Amino acid sequence: MYIVVSIAILVTMVLALTRALIGPSVYDRVLAVNVFGTKTVLLLSVIAFLYGRPDFLDLALAYALVNMVGILAVLEFFQNRSQRNSETEAKDD
């Protein structure tokens, strides 16, 4: 049963990666990368249960924290970039 769950998670990871590559906007791509990170945490948790290695759960939690901080940093970067672009356009007018 857990192997089927692992395969399902891998399929959704491929779909999220596809969305990240062809997403129409930057925010769609960021959301897809966030989904990919969440699915990675789920996959690590399932693998930890399959192999009886609870130390993998620590890795999954650490990866979840890094994923959250990374997504927030990327969104902040794009928000600041869009503000800088709008200020530059206002100066040009």
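The values are calculated or read from the model by the stated rules, or taken from the named source; none is laboratory data. This one's a predicted model, so the numbers in the text were calculated from it and none came from an experiment. Cβ sites come from the backbone with ideal geometry, for glycine too, and all protein chains shown count toward neighbours. Areas reflect the complete protein model, heavy atoms only, side chains present, ligands, DNA and RNA absent. Shrake-Rupley method; radii C 1.70, N 1.55, O 1.52, S 1.80 Å.
Taking 0.36 nm per residue of sequence separation and removing the Cα-Cα distance, the Phe77/Ala90 pair yields an extension gain of 2.7 nm. Using C-alpha pairs under 8 Å with a sequence gap of at least 6, the mean separation divided by the residue count of the chain gives a relative contact order of 23 percent. When Rg and Dmax are taken over the Cα atoms of the stretch 47-93, they come to 19.7, 64 Å.
Excluding ligands, DNA and RNA, the accessible surface per residue across the chain is 73 Å² with a 1.4 Å probe. The Cβ shell under 15 Å around Ala32 holds other residues with a net charge of +2, Lys and Arg each +1, Asp and Glu each -1. Volume of the convex hull of the chain (Cα atoms only), normalised per residue: 68 Å³. From helices alone, the chain scores -33000 deg cm²/dmol at 222 nm; the rule is -39500 (n - 2.57) for each run of n ≥ 4 DSSP H residues, then divide by the residue total.
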